[in-house]
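The next block holds one structure in the form of structure tokens; read it before the comments.
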Amino acid sequence: MTNGGTPRVAFERFVERWLPQIVVSPLFAASLFFVYGFIAWTVYISFTKSGVMPNYSLVGLLQYERLWSTPRWYVALQNLFVFTGLFIAGCLAIGMLLAILLDQRIRAEGVIRTIYLYPMALSFIVTGTAWKWILNPTLGIEKFVQELGFPDFSFDWLIDPHMAIYTVVIAGVWQSSGYVMALFLAGLRSVDDEIIRAAAIDGAGPVRTYASIVLPIIRPVFLSSVIVLAHIAIKSYDLVVALTGGGPGYATDVPATFMYSFAFQRSELGVAAASAVMMLVTVMAIIVPYLYSELRGGRK
Amino acid sequence: MNKISLFLSAAAISAFALPSAAFADGTVEVLHWWTSGGEAKAVGELKKSFEAQGGTWIDSPIAGGGGDAAMTALRARVVAGNPPTAVQLKGPGIQEWAIEGSLNDVDDVAKAENWDSVLPPVLAEIMKYEGKYVAAPVNIHRVDWIWANPAVLAKVGVTEVPKTWDEFNAVADKLKAAGITPLAHGGQPWQDATVFEVVALGIGGPEFYHKAIHQLDQASLTSDTMIKVFDQLRKLRGYVDEGFSGRDWNLATAMVMNGEAAFQIMGDWAKGEFLAAGKVPGKDFLCAPAPGNGYILNSDSFTFFKVAGEDNLKGQKVLASLIMSPGFQETFNLAKGSIPARTDVSLDKFDDCAKKSHEDLTAAIAANALEPSMAHEMAVPRTVRGEFLDVVTNFFNSDQSSADAVQALASAIQRVQ
């Protein structure tokens, strides 16, 4: 070909090879800037003396010292671990159980599946408000059972500072187990029938089949459920605000509500940034090893 | 076709160009969160008055969160270099922004109209930064009221609201024995803090309140008086009903209105609830100052931010003057339920509770018993207020001892200063 043709062909080939990356690059650049750029900004602010407005003069670890000497922060951290642990465990257990039960090819499967999935369509604010009324001692379950004829019945977890966080767990698990059930059901349906039949021939009962054969096959579903649930749990601000407003006193405070309160209601951007960085570090400390072990194991 | 579209686009462009010519008497852009009911009506009065004298009012209402969303929007605007002309901002928040260098002063208007002589000194101080006025107050709310239902009180043979906290406890015990909830309360941190500061005023008096809560003196914060304040708070905790957690303040007022509870400790915006339901003060509900012979003040104000341009600056000065004018103060406060910030406005058109509030205000100024509210962001910066709220609400909702709470409070205040 002529001289003028070769650069053009080369160019076309270049574009064809790199087209996917070119198309994705604006989105990539935007993510890089808005997500990672602002994470870096928050980390920077956590080392400054920012109050009502960002202030860019560095003061070392002052905000972290202030953060770790605030009793409310310890309550928030403890609540985060309690809530995240129970939320993930509860959703996995209930979701898995529902999925296994639904997998038995029952008659009204479509209807039942939809009913279990409905709570996911609600926003956490609606869930929180509805459960707040249900768990209110003077309006909800306690009053109902007392009127049924058990005057000594009490279920006042919502106003008990030690038990209030468990009410948040209840509302959260109710909302999200349907979603986990859907994920598991899809996973279960993708298991090859041959394997199940082979297990039946070998004499394995239904419990053994599920526990030892099917569930290990759908391990990737566990991974994706845990990732989704963990992210919902750590970011849960709206559920706490709607259900308990931070709890009796600050008993159901979580780092997300702590950070919002310090940043926007108390003009302490520095402390809020420090708490956000601590949240990030906590999440990374848990998710990164888990991801690493799962993905490395998958390559075996 | 061509000519018509050309004409239409020319008309459209000139329609956009025209309004910029209409700056007769100043332009203001006002950021506020008075978006519901009586509050929206009240700010509408200010808008009407401003426009009546030829100015242009650009409204920027941002609902919700008790001002959180509005403050976030404000922060973004100031960082972007485009602040609104006036913002609904009060208390030490004004000084917070002044220190950042974000405010304009309206001292020339203040001097010309002699604001110093008509505002209570405590309030005037809050409106100033480095001796110059940077904000104009629209009203005075009193925080330390006790609202009562006389019919409920009559059931236990009580005819007037108790005048000391010991009397209150005695009446409350009688009510409890009769199966009536003594105190209607909403378990939100700011409400817990309101009760706390009213009790502090009653147990320690205005002097103690001033030292401990306004000046944050460590000796007062760790004194026996403070322990007694927490003891009384613990007693009050025993007088609220089981469902108080998270309840909104107006639902607690409704409990008093319906006879489910006898008392509520709340500021005079509760009066608005009673009046809106058609209740008559003195007959259907009683308003009485809480024990303590003091007056806890809360005041809304408009703060003037650093805008440029002759039009905007003129607008700020006109707005400042308008806000402090006796006519506006009367109209606004009739709509909002508070009393005028100006002490020389006649209260003939106001109801009995408002008149009592004004009498007590004058007496308190004379007796040096007028104190700014901590729970309503008037006495201390928000960082400090946050610490008060945490300690008080944690104490109220747990079984912490008074001594521990006092220790926690003292170290919290030390931490944040």
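For B:A379, the residues 5 or more places off, or on other chains, whose built amide H falls under 5 Å of its own are B:S373, B:M374.
Here the Debye sum runs over all C-alpha atoms of chain B as equal scatterers in vacuum, and log10 of I(q)/I(0) at q = 0.07 Å⁻¹ comes out as -0.36.
Over all directions, the projected convex hull of the C-alpha atoms in region B:20-115 averages 7.5 nm² in area. Take each residue of peptide A:247-254, count the partner chain Cβ atoms within 10 Å of its Cβ, and average: the result is 5. Taking all Cα pairs closer than 8 Å and separated by 6 or more residues, the relative contact order of chain B comes to 27 percent. With the convex hull drawn around the C-alpha atoms of chain A, the volume per residue stands at 244 Å³.
With a Förster radius of 56 Å applied to the beta-carbon distance between A:L97 and B:N114, the computed FRET efficiency rounds to 0.15. Of the trypsin sites (Lys or Arg not before Pro) found in region A:104-143, those in coil by DSSP whose Cβ has at most 13 other Cβ atoms within 10 Å are A:R105, A:R107. The angle between the Cα long axis of helix B:382-396 and the main principal axis of chain B comes to about 30°, on a 0 to 90 degree scale. Which shape class, rounded, prolate or oblate, goes with region A:143-248 when its Cα gyration tensor gives a ≥ b ≥ c as root eigenvalues, a/c under 1.5 marks rounded, and past that a/b bigger than b/c marks prolate? Oblate, since a/c reaches 1.5 and b/c is not below a/b.
For the pair B:A177 and B:T343, the difference between a 0.36 nm per residue extended length and the Cα-Cα distance amounts to 55.4 nm. The lysines whose alpha-carbon is closer than 17 Å to the alpha-carbon of B:K48, local same-chain residues fewer than 8 away aside, are B:K317, B:K336. Note on A:49-55: average number of Cβ atoms from other chains within 10 Å of each residue's Cβ is 4.
Helices that extend 15 Å or more along their long axis by alpha-carbon positions and average at least 0.5 on the Kyte-Doolittle scale are, among the DSSP H runs of chain A, A:71-102, A:124-135, A:164-189, A:219-235, A:269-298.
Over 34 Å apart: what share of the alpha carbon pairs of the protein assembly as shown falls there, rounded to a whole percent? Considering the protein assembly as shown, 58 percent of its Cα-Cα pairs are separated by more than 34 Å. Amide H to amide H, with H built 1.01 Å from N, B:S245 comes under 5 Å of B:G187, counting only residues 5 or more places away or on other chains. In region A:68-299, Cα pairs under 8 Å separated by at least six residues give a relative contact order of 30 percent.
For region A:68-299, a crude dipole built from +1 on the beta carbon of Lys and Arg and -1 on the beta carbon of Asp and Glu, taken about the Cα centre, is about 480 debye to the nearest 20.
Ranked for footprinting exposure by Cβ neighbours inside 10 Å, fewest first, B:R415, A:R266 give B:R415, A:R266. Here the residues B:V43, A:V226, A:V254, ranked from fewest to most Cβ neighbours within 10 Å of their Cβ, fall in the order A:V226, B:V43, A:V254.
Listed as lacking a disulfide-compatible partner in the protein assembly as shown: A:C91, by the criterion of no other cysteine Cβ under 4.7 Å. Please state the shape class of region A:1-147: rounded when a/c is under 1.5, otherwise prolate if a/b exceeds b/c and oblate if not, all from the C-alpha gyration tensor. Note, shape of region A:1-147 comes out oblate. When you filter the trypsin sites (Lys or Arg not before Pro) in region B:270-308 for DSSP loop state and at most 13 other Cβ atoms inside 10 Å of their Cβ, you are left with B:K283. Taking amide H as placed 1.01 Å from N in the peptide plane, the amide H of B:E29 sits under 5 Å from that of B:I58, B:T85, B:A86, each at least 5 places away or on another chain. In the protein assembly as shown, helical runs assigned H by DSSP with n ≥ 4 each contribute -39500 (n - 2.57); averaged across all residues and rounded to the nearest 500, the mean residue ellipticity at 222 nm is -18000 deg cm²/dmol. If you sort the three axes of the alpha carbon gyration tensor as a ≥ b ≥ c, you get a/c of 1.5 or more for region B:80-142 and a/b above b/c, which makes it prolate.
The numbers here are math on the coordinates, done by the rules we state, and not lab data. Nothing here was measured: the structure is a model prediction, and the numbers come from that model. As a convention, Cβ positions derive from the backbone with ideal geometry for all residues, glycine included, and neighbour counts pool all protein chains shown.
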